[in-house]
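Asks: Please see the structure below; I have some questions.
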Amino acid sequence: MSRTAFLTALPKAELHVHLEGSITPEIAMQLARRNGLALPGGDARGLREAYAFRSFRDFLRLYICVSRCLVEVADARDVVVDLARRHARMGVRYAEVTFTPLTHRARGISAEVLWAGLAEGRDEAQRMHGVTYRWVFDVVRSMPQQAEATVDFAIGMDARDLGSVAGVGVGGPEADHYPMEAIGRAFDRARAHGFASLPHAGENAGAASIWTAVRRLGADRIGHGVRALEDPALLQHLRDHGVALEVCPSSNVALGVAPSLLEHPLPALMAHRVPVTLASDDPPMFGTDLIAEYERCIDAFGWDEETVRAVVRAGIEHSFAPPALRDEMLAELSEPSSSPPPSRARA
Ligand code: ADE
Ligand code: ZN
């Protein structure tokens with residue numbers, strides 16, 4: 001069995017992947033064409049070149065262009081189903097998929113269209129590809145005035161498709177000067193509703209931002225969180241309270257959060273016994289997917305089979321997957337395998 005086949009066979013959960021950021025250039029061009037929109041690059045190959053941005057600002061600009069392709073119910077549905085097709089091929093059984101509803105509401109797309117597209121997509125993802133999705137609806141950190149409406153959107157989605165919402169998040173540009181109180185109040189309401197708190201923090205700002213996510217937002221996990229290393233007390237808090245980091249190494253390298261994979265803080269975070277899960281963030285935009293993330297970590301950090309299994313297990317254990325699915329995945333992961341350990345050489 002090749003290393004890729006071994007990784008594919010493991011029952012995986014992906015806990016940090018954005019729906020808008022998972023749109024491939026091919027699908028984006030298809031949606032743009034049917035909605036009469038123009039995209040940078042002109043065709044799929046040109047757009048793929050535009051995916052090679054050099055800064056977080058350029059990345060967000062491209063992200064917003066691609067996001068505009070979601071106009072009709074079928075657009076959101078097709079994007080969800082295409083992600084599920086790729087997830088199924090990688091052996092991903094469950095994912096928490098982030099979506100930023102207010103980006104689309106602000107362009108005049110109705111909540112009804114978005115709810116319907118997401119619900120149809122989730123249903124087809126399960127039926128056609130056997131992949132279970134739950135949503136994370138995130139607020140753009142620089143738009144705290146959208147926080148309450150984001151929580152309203154999440155409550156509306158949950159009413160329409162019961163159990164489909166895992167939590168609420170915070171994304172977009174990160175800096176210490178953004179006021180967090182309005183987002184904090186909205187998160188209080190979301191948590192009272194039973195939604196998990198799943199903010200990005202410690203990606204483009206430091207430990208103080210992660211402390212705010214933990215203390216004010218009651219974070220159940222942290223998106224990225226790689227700058228936790230700056231503060232030993234924070235490392236201890238994350239470890240003692242089981243707050244897992246959703247680490248996305250290729251994203252961090254693409255956006256300059258880490259200078260290279262070899263210099264990525266993931267091994268140091270693991271050495272401090274902070275719980276970590278592995279994810280792809282915006283896979284086509286960073287030239288990656290979940291299997292590639294595992295392969296790159298094996299190559300860069302020399303992970304052995306036990307380490308790979310521990311990271312896969314953490315993804316399941318720190319997820320908000322339905323309990324029966326979670327138990328099934330954990331049981332399958334514990335089955336003795338006849339596969340060889342992952343070698344450092346590419347299969
Ligand atoms: N939205 C999509 N990807 C993101 C990232 N890496 N950081 C913050 N917001 C995002
Ligand atoms: Zn993200």
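Asks: Pulled fully out, how much extra length does the chain show between Met128 and Glu317, if you take 0.36 nm times their separation in residues and subtract their Cα-Cα distance?
Replies: 65.5 nm
Asks: Follow-up. If you plug each phi of the stretch 223-233 into the Karplus form 6.51 cos²θ - 1.76 cosθ + 1.60 with θ = phi - 60°, what whole-Hz ³J(HN,Hα) values come out, in order, with x for Gly and Pro?
Replies: x, 6, x, 5, 7, 4, 4, 5, 9, x, 5
Asks: Now, a different point. Starting from the Cα-Cα distance between Met1 and Asp327, subtract it from 0.36 nm times their residue separation and give me the gain in nm to one decimal.
Replies: 114.8 nm
Asks: Can I ask one more? Place the peptides 268-279, 301-312, 284-295, 15-26 in order of packing, highest mean first, counting for every residue the other Cβ atoms within 10 Å and averaging per peptide. Walk me through the numbers on the way to the answer.
Replies: On the way: 268-279: 19.5, 301-312: 17.0, 284-295: 21.8, 15-26: 23.5.
Sorting 268-279, 301-312, 284-295, 15-26 by mean packing, highest first, produces 15-26, 284-295, 268-279, 301-312.
Asks: Obtain the nm distance between the two label points defined at Ser142 and Arg273 by a simple spin-label model: each point lies 7 Å from its Cα along the Cα-to-C-beta direction.
Replies: Taking the two extended label points, one gets 4.1 nm.
Asks: So, one more: Compute the accessible area per residue over the chain, keeping the other protein chains in place, probe 1.4 Å, unit Å².
Replies: 39
Asks: Using 7 Å Cα-to-Cβ label points, what is the Ala182/Glu112 separation (nm, one decimal)?
Replies: 2.7
Asks: Report the calculated FRET efficiency for Ile64 and Ser260 (r = Cβ-Cβ distance, R0 = 25 Å), to the nearest 0.05. Please report the intermediate quantities before stating the final value.
Replies: Values: r = 28 Å, r/R0 = 1.11.
With R0 = 25 Å, the Cβ-Cβ based efficiency is 0.35.
Asks: Here is a follow-up. Among Ala192, Ala279, Val226, which residue has its Cα furthest toward the positive end of the charge dipole of the stretch 3-333, with +1 on Lys/Arg Cβ and -1 on Asp/Glu Cβ?
Replies: Ala192
Asks: Please give the contour-minus-distance gain from Ala52 to Asp152: 0.36 nm per residue of separation, less the Cα-Cα distance, rounded to one decimal in nm.
Replies: Residue separation times 0.36 nm, minus the Cα-Cα distance, leaves 32.5 nm.
Asks: Starting from the Cα gyration tensor of the stretch 161-246, take the square roots of the eigenvalues, sort them a ≥ b ≥ c, and report rounded, prolate or oblate (rounded when a/c is under 1.5, otherwise prolate if a/b is larger than b/c, else oblate). Walk me through the intermediate numbers first.
Replies: Details: a/c = 1.90, a/b = 1.43, b/c = 1.33.
The shape class here is prolate.
Asks: Could you work out how far apart the two model spin labels at Glu26 and Glu335 are, taking each label as a point 7 Å from the Cα in the direction of the beta carbon, and quote it in nm?
Replies: If labels sit at Glu26 and Glu335, their model points lie 3.1 nm apart.
Asks: Given a 1.4 Å probe and the protein chains all in place, what does the accessible area of His193 round to, in Å² to the nearest 10?
Replies: 90
Asks: Keeping the other protein chains in place, figure out the carbon and sulfur percent of the accessible area of the chain, with a 1.4 Å probe.
Replies: The computed percentage sits at 52.
Asks: Per-residue ellipticity at 222 nm for the chain, helices alone: DSSP H runs ≥ 4 residues times -39500 (n - 2.57), over residue total, nearest 500 deg cm²/dmol? Numbers along the way, then the final one.
Replies: Numbers: 16 runs with 171 residues, N = 347.
Rounded to the nearest 500, the figure is -15000 deg cm²/dmol.
Asks: Around Ser280, which amide H atoms from residues at least 5 apart in sequence, or from another chain, sit under 5 Å from its own amide H, with H modelled in the peptide plane?
Replies: Close amide H contacts, sequence-distant or interchain: His16.
Asks: What percent do you get for the relative contact order of the stretch 3-333 when only Cα pairs under 8 Å and 6+ apart count?
Replies: Taking the mean separation of contacting Cα pairs over the length of the stretch 3-333, I get 19 percent.
Asks: Sort Glu246, Glu335 by accessible area with a 1.4 Å probe, largest first.
Replies: Putting Glu246, Glu335 in descending order of accessible area: Glu335, Glu246.
Asks: Using just the Cα positions, wrap the chain in a convex hull and report its mean projected area in square nanometres, one decimal place.
Replies: 16.0
The values are calculated or read from the model by the stated rules, or taken from the named source; none is laboratory data. Everything numeric in this text was worked out from a predicted model, so none of it was measured. We place every Cβ from the backbone using ideal geometry, glycine too, and count neighbours over all the protein chains shown. Side chains are part of the model used for accessible areas, which takes the heavy atoms of the whole protein and leaves out ligands, DNA and RNA. Shrake-Rupley method; radii C 1.70, N 1.55, O 1.52, S 1.80 Å.
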